[in-house]
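Any read-out appearing in this document is the output of simple, stated calculations on the displayed coordinates, not a laboratory observation. Here the structure is a predicted model, which means the values were calculated and not measured. Neighbour counts are summed over all protein chains in view; Cβ atoms, including those assigned to glycine, are modelled from backbone coordinates with ideal geometry.
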Amino acid sequence: MTVSGERRAWGWVAHLRDGGTTPWADWRGEGTREGVYLPGAQQLELLRRLHLAAHRDGGRPSPRLVERIVEASAPGRGTPDLELVGATDASPFGPRPVDPVDLPDAELTRVATSLIAEDLVAAGARRPHEASPLIRPWRTRYRLVGDPWLADPVREALVARGRPPGGRGSVVVVLGRDVATMVADAWTSRCFDEGSVPWREWLDPFAAGHRVPPRVDLERAAATWARRVGPARVRVVLDPGALPRLLGQRRAQRRRRAQRRALPQPPALAADAVDLARQVAAVLGLLVLPSQRADLLRHTFLPRLLDAPGPPLLLPAEHAEWATQRAVRMRDRMLRAGYAVHGDPDRLVPRPEAVAPAGASGPTDAGVLALAVRLMLDETQGGSP
Amino acid sequence: MTRRLLLHVGTPKTGTSYLQDVLHRNRRTLAAAGISYPADRFDAHFLAALDLMRLPWGGLETEAIGAWDRLAEQVRDHHGTSIISHEIFAAASRSQVGRALRDLGHDDGTEVHVVLSVRDLVRQVPAEWQENVKHRSSISYARFLRQVQDPAREGRIASWFWSVQEIPDILNRWGHDLPPEHVHLVTVPPPGGPPEVLWERFSEAFGLGGLDLDLEAERVNPSLGVPETALIRRINAAANRQLPPADYRPLVRELLAHQTLSQRTGSPRLALPPEVHPWVRELEDSWVAEIRERGYDVVGDLADLEGGPPPTAWADPDQPSEKQVAGAAVDAIKALLLENGRLQQEAARLRGDLDAAHHDLERSYLRPTYRLREKAVRRLQDARLGRVALRAYRVGRGRSSRSA
């Protein structure tokens, strides 16, 4: 390591620790060694981006967050911590040093996800609804399946009201909406449970194989339950307005304030927010058990993502035809099977607004990084709920 | 007593499984000599490494949560010599190394020694490809070599390969805060020599000489030949989507690769393609020169890191002899049939045990005294006073079970 290169690097580290935003290539100052090793280029560039974002918002990250970033390491397999170009002699060993500005956004996000996951573990799961200890004996017996992004919050709310699913003579409610949105819902739901591969890596094999993800296949879900309980007890619900009555919620709504007792709607999230959850889920899987991970993602992390900017997750335009074909096939098969369908069966066909314009392709690395940086700043400034 | 830590951080395919097996099985003998190998299971240090480095590993990572902190605490609590060993520590970043040394007491006076067992790259390159294949990969040998040779080292395969195999870089990360005499390189002898030489070197590096250790190997990581590796790769391509990691490990890696296909001895061995050989030899020479200059403690001979000449007849694992692959496949099918037969016998035995238990249970239910007691309990439960009496009886009897 050359003396001037090393001093320049330590000077830049001190500059960043002090809230500086000068890029490495423009940095000319020097400093003294303040640690056993020079932090990696990814960590330092993430810190610089954090300061840039903080300056825009008129804030400043806490000294603790600054130190956590400096000492962090990217989780999982992938690019190792990289040296700053010009800070060291040109060594023939190890990965090539880089100018941090050239690092892909995804590499910076990798480091950020580790810190966000740690914050989530520290915050703990905050369930909005605890299961009611009092189970209503007069409750309508139901099972709720289908689109998990629609069904899970409804089921959870009903459990909290003392109306758990199951029981003798349950009606099976297969909940869905248009296939394009359900496909996005299925990936979103995976991202907030066990994590997933990236959007297109997950989606494209289904489209190429002319099949839909299992959680989207309402006809298959209906057939499975029809075999168990008989087709007469299966209801396919494509009109959300029909849901309260089928789940025995109508009377309760009349008696209490409608707003408080209404069944919850699925959270609307930006595509970047979902992808960030996916990446954070991967790190959380290394810190907590799977059941805790889902709780942290859904009940602690998701509320922080609700106001994340950016377009929602939409089906890519090139897959619109595939989704339409699968929707028509699903509709026809369900009608042939004779299930009771609440709502127009044509609601399965993708709505134009559920399909992305040509060229748009879901989450972006820049958007995900910007969101990750914003969340870290919110955390340090106490802005999180 | 001074705390001393011997931290064995790699590299893969250098006899590490054998070493860890010996250390684990001889924990009591080591403890009697004041040496702690803090591992309650044979893979405890592997789990600790996953935890430290936040590495996912086919679902095993859920077992690793908290493993690093537990291991570090055991090391800090031991007044004497402790040994930690796992080859994936080689991939730790500088910040992870910094945390590891801090947690293990380096700043509090613990004398830390880093041990790195190393083998020539001519053998390591094909061995790493084989490890990839034994971990579900279906990447071809040619593509693997292209990725490893790419100077950008982009992608998971190349970045992982170099992070666990590039000796000077591993030592930069692990040894930068240690005096060179606290960094020990154990070289793996060239093929064909007496097998005990490697253990003697390990023994010297870890200060185990004079201890009466059981050296019988129970866990090793054996190598496969060309057709056997090609077969596993084809199995991966065909079954990966359906076979979950929890089933892959015992069935493919253990049963097929380690227990069955590694026993086939007549197959051509994996080797570097002749055209890649000079590039690898050049790298080896530069590594040896660098290591010699740094002045580390070398147990063995640095010349061991200079790989042998290219094979006279090279067998391409991407284009294997189909006859040889078929032979390996027959052995694999036989092994699966035998295992299936064993499992069926086991299932039949368990079913028999279950039937016998059901039979005994039914007999006990059919006894008049049981039916009488059951009737009494049912009647008592129907009346409030009866329920109170029943509860009082159960409390008096000292059990809370509701069964009759």
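Per residue of A:177-184, count partner chain C-beta atoms within 10 Å of its C-beta, then hand back the mean as an integer.
Going residue by residue through A:177-184 and averaging, the value is 0.
How big is the C-alpha Rg of segment A:48-130 next to the rule-of-thumb value 2.2 N^0.38 Å, as a ratio?
1.38
Quick one: give the max-minus-min coordinate of the C-alpha atoms of the protein assembly as shown along each principal axis, largest first, in Å.
If we take the Cα atoms of the protein assembly as shown, the spans are 85, 75, 62 Å.
For segment A:25-128, run through the trypsin sites (Lys or Arg not before Pro) and keep only the ones in DSSP coil with at most 14 other Cβ atoms within 10 Å of their Cβ.
Of the trypsin sites (Lys or Arg not before Pro), the ones in loops of segment A:25-128 whose Cβ has at most 14 other Cβ atoms within 10 Å are A:R28, A:R33, A:R126.
Can you pull the mean other chain C-beta count within 10 Å for peptide B:94-106?
3
Once you place label points 7 Å from the Cα toward the Cβ at B:R76 and B:L213, how far apart are they in nm?
2.8 nm
Taking only DSSP H segments of four or more residues, each worth -39500 (n - 2.57), what value at 222 nm results for the protein assembly as shown once the sum is divided by all its residues, to the nearest 500 deg cm²/dmol?
Result for the protein assembly as shown: -15500 deg cm²/dmol, rounded to the nearest 500.
Share of Cα-Cα pairs in segment B:79-161 beyond 15 Å, in percent?
Everything past 15 Å amounts to 68 percent.
With unit charges on the beta carbon (Lys/Arg positive, Asp/Glu negative), name the residue among A:V159, A:P213, B:G98 whose Cα is farthest towards the positive pole of the charge dipole of the protein assembly as shown.
The residue sitting most towards the positive pole is A:V159.
So what is the orientation-averaged projected area of chain A, using the convex hull of its C-alpha atoms, in nm²?
Computed as one quarter of the Cα hull surface, the answer is 22.3 nm².
Only helices at least 27 Å long along their own axis, judged from Cα atoms, and with Kyte-Doolittle mean hydropathy of -0.5 or greater: name those in chain B from DSSP H.
B:322-366
Among A:F93, A:T32, A:S4, which residue has its Cα positioned farthest towards the positive end of the charge dipole of segment A:3-103, with +1 placed on the Cβ of Lys and Arg, -1 on the Cβ of Asp and Glu, and the dipole taken about the Cα centre?
Positive-end residue among those listed: A:T32.
Could you pull out which residues in segment A:205-247 have an amide N less than 18 Å from a spot 7 Å beyond the Cα of A:R141, following the Cα-Cβ vector?
The answer is A:225-235, A:246-247.
Based on alpha-carbon positions alone, could you give the equivalent ellipsoid semi-axes of segment A:3-103 from the gyration tensor, as √(5λ), descending, whole Å?
In descending order, the three semi-axes are 21, 16, 12 Å.
For chain B, what number results from the quotient of the Cα radius of gyration and 2.2 N^0.38 Å?
So chain B has a normalised radius of gyration of 1.29.
Using label points projected 7 Å from each Cα along Cα→Cβ, tell me how many nm separate A:T21 and B:A326, to one decimal.
Placing both labels 7 Å beyond Cα along the Cβ direction yields 7.0 nm.
Largest first, please: the extent of the C-alpha atoms of segment B:165-207 along each principal axis, to the nearest Å.
Principal-axis extents of segment B:165-207 (Cα, largest first): 35, 24, 10 Å.
In degrees between 0 and 90, to the nearest 10, how far off the longest principal axis of chain A does helix A:365-380 point, with axes built from Cα atoms?
Helix A:365-380 and the main axis of chain A meet at about 80 degrees.
If you average the C-alpha positions of segment B:356-388 and of segment B:89-135 separately, how far apart do those two centres end up, in angstrom?
First find each Cα centre; the distance between them is then 63 Å.
When only C-alpha pairs under 8 Å and at least 6 residues apart count, what is the relative contact order of chain B, in percent?
20 percent
Among the DSSP beta bridges whose two residues both lie in the protein assembly as shown, what percent are antiparallel, rounded to the nearest 5?
5 percent
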